[in-house]
Amino acid sequence: MRRPACTSTGCRLRATITGIGAVFGIVAFAVAGVLFWAGPAPAETDAQKIQRLEGELNALKAKVGPIADMQGVPLKEIKAIAGVISPEIRGLTIDLSAKTGQFCLRDPEGGGFMVHFSEHPEQTREDVVYFIAADSLAATGLDPSKLPAVPALGQMTPRTWYYYDGSGVEPHHQGRLGRPFLVLALDVR
């Protein structure tokens, strides 16, 4: 005996669900068969796991460098600096390493204060270089232009104040800053 044609919405919905169920059942059966015949994935041996983890640890150490070995106050200071630096504050950090071998941490509100850190402090006497805007000091009556001019990169005497008048090429930036600065280098290493 033949069934009457399915014309109601409920009847069509049941037919659709039955069809989907049949397709799902076929797909599930096929996946189960593939998994059964393929067997479980080969387990990682202890030696392979150790080798993989050592590789990951070495990659991490290469990424963080000497920070990985820091403890106590130096580590806390690095964490404090990292907490200040963030991608949301545009212009706060400037990579000058390709030009001068230095990284610049700049005052985000006008650049009146900057600190440069040498990428390779063991190769220079200018490990840390401070820049302080001279215009505010000049406004108090001090004459910073009496200080020696900033010499070429790598030629500063540590703990000696220098003056940059803002007009020429400043050696640590390899460009004109357009503002006068007092400049002081420290030789930490």
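Read-outs throughout are calculated quantities, based only on the coordinates presented, and are distinct from any laboratory measurement. Everything numeric in this text was worked out from a predicted model, so none of it was measured. For neighbour counting, all protein chains shown are included, and Cβ atoms are generated from backbone atoms with ideal geometry for every residue, glycine included.
Could you tell me which of rounded, prolate or oblate describes segment 70-186, using a ≥ b ≥ c as the square roots of the eigenvalues of the alpha-carbon gyration tensor, with rounded for a/c under 1.5 and, failing that, prolate when a/b is larger than b/c and oblate otherwise? Note, shape of segment 70-186 comes out prolate.
Protection proxy ranking, highest mean first, for peptides 166-172, 146-152: 166-172, 146-152, where packing is the per-residue count of other beta-carbon atoms within 10 Å, averaged. Counting every other Cβ atom within 10 Å of each residue's Cβ, Ser118, Ser97 order from fewest to most as Ser97, Ser118. For segment 105-113, backbone phi angles converted through the Karplus equation (6.51, -1.76, 1.60; θ = phi - 60°) give residue-by-residue couplings of 10, 10, 4, x, 9, x, x, x, 8 Hz, Gly and Pro being listed as x.
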